[in-house]
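Structure, as structure tokens:
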Amino acid sequence: MDIFGKIPLVEIPVHVTPDQKKWLDKMVEEGKIAIPPGGTLEKGSVISMFLRMLIHNAMEEQMRQAAIDAEDEEDDDE
């Protein structure tokens, strides 16, 4: 995951419910969504980083699960 801007980003529209937007705003205002050390970012940038981290974690989990599934298939073949 690139948090330092070395990988170009693609802008996509994201739709969330009003209560989800309220929650995201609250988390940013309360400082519960971390920003890089020494950095100050606009609220939208912090939320963008948070969403990218969620997607990154989901991608890593999917790869981990695929590796586990592949191991299980190898065990079944034996």
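Note on the stretch 19-30: residues that are under 17 Å from residue 42 (Cβ atoms) and surrounded by fewer than 12 Cβ atoms within 10 Å (Cβ to Cβ) amount to 3.
For residue 16, the conditions (1) surrounded by fewer than 10 Cβ atoms within 10 Å (Cβ to Cβ); (2) at pLDDT 85 or above; (3) not in a helix (DSSP H, G or I) all hold with the exception of (1).
The values are calculated or read from the model by the stated rules, or taken from the named source; none is laboratory data. Quick caveat: nothing in here was measured; it's all calculated off a predicted structure. Ideal geometry is used to build each Cβ from the backbone, glycine not excepted, and the neighbour counts take in all protein chains shown.
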